[in-house]
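Below: one structure, written as structure tokens.
The values are calculated or read from the model by the stated rules, or taken from the named source; none is laboratory data. Since we're looking at a predicted model, the values are computed, not measured. Ideal geometry is used to build each Cβ from the backbone, glycine not excepted, and the neighbour counts take in all protein chains shown. The accessibility values were calculated without ligands, DNA or RNA, using every heavy atom of the protein model including side chains. Shrake-Rupley method; radii C 1.70, N 1.55, O 1.52, S 1.80 Å.
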Amino acid sequence: MEMNNLYIEGQKFAADSDQDTEAGSYHQAVILIVEDEFEIVDILSAYLTRSNMRTIHASDGRKALELHSSMKPDLILLDIQMPKMDGWKVLSELRQKSNTPVIMLTAMDQDLDKLMALRIGADDYVVKPFNPAEVVARVQAVLRRTLGINQTDRKNMLRTEPFEVDLESHEIVVNVEGERHALVLTLTEFKLLTHFIRSPKRVFSRVELLNSCLPEGDTLERTIDSHISKIRKKLEVFGIHGIPAGVRGVGYRFRGDQ
């Protein structure tokens, strides 16, 4: 399939990418693109990334459900004609357990198809070929409408590459080369690493970390060094080095390359 058949005015990609967006409002929003045409995935990812959104990709329906469960995206762009499990089935299963917004992206342009998607629970419906800038605008519009509904879930999650923190379950997942790994941390280690992730550019003294993250009665500043060392060793197993980073004469920060 040729690129100019995929999009309306596909040649305007470079110009559209330089346009101002409502980037700040959607920082770190995670968009799951469920699509088996890789050219479409690439161009949508570029536009969404330009608007400060993060994208993940599933090339079939079953993988889409797996990624939805593990990554908890903020919105899904869903094709209908998919391998292994079509978009209708994916949407139906999603709506049995989740209110995650879904925008259908499909070549099926009959009114009956649109009505079926909306009845099953889609939030919007876009027909191919499409202008990717319009898709981004629709994503932003749906996120604005659903922000209040998803506010509790968003407050319970922190995302700072390569980490995803579930504050409710006290779990941290690290993403390395597309693979997700659960970190096995003590409660104190979880509190310390989460403290850095909340304020990744700030430098914390040992006293500040001691007061914020360690149990009452543990007052030795050098205890912080021991916990930091243990966190580093656990991250190094996954090829992640220098987190948290030491700042000579001051304390620690999330990274040293900021």
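How would you classify segment 30-147 from its alpha-carbon gyration tensor, with a ≥ b ≥ c the square roots of the eigenvalues: rounded for a/c under 1.5, else prolate if a/b is greater than b/c, otherwise oblate? Cα axes put segment 30-147 in the rounded bin. Put simply, the amide H of residue 160, placed in the peptide plane, has neighbours under 5 Å in 165, leaving out anything fewer than 5 places away on its chain. Straight-distance candidates among the lysines for linking to residue 234, with alpha-carbon spacing under 30 Å and chain neighbours fewer than 8 residues away dropped: 63, 72, 155, 191, 201. What part of the accessible area of segment 157-253, given as a whole %, is carbon or sulfur when the probe is 1.4 angstrom? The nonpolar share, carbon plus sulfur, comes to 50 percent. In nanometres, what is the gap between the two model label sites at residue 158 and residue 238, each 7 Å from Cα along Cα-to-Cβ? Once both label points are built, they end up 1.4 nm from each other.
Here the accessible area is traced with a 1.4 Å probe on the protein chains. For segment 30-147, carbon and sulfur cover 48 percent of it. For residue 114, go through the lysines and keep the ones whose alpha-carbon is under 16 Å away, minus same-chain ones fewer than eight residues off. Answer for residue 114, where 16 Å is the Cα cut-off: 89, 128, listed by chain and number.
With all protein chains kept in place, the per residue accessible area of segment 96-243 amounts to 55 square angstrom at a probe of 1.4 angstrom. Between residue 202 and 254, the built amide H atoms are under 5 Å apart, and every one of these is 5 or more places off in sequence or on another chain.
Remark on residue 102: its backbone amide H falls under 5 Å from those of 76, 123, 124, a criterion applied only to residues 5 or more positions apart or on other chains, H modelled at 1.01 Å from N.
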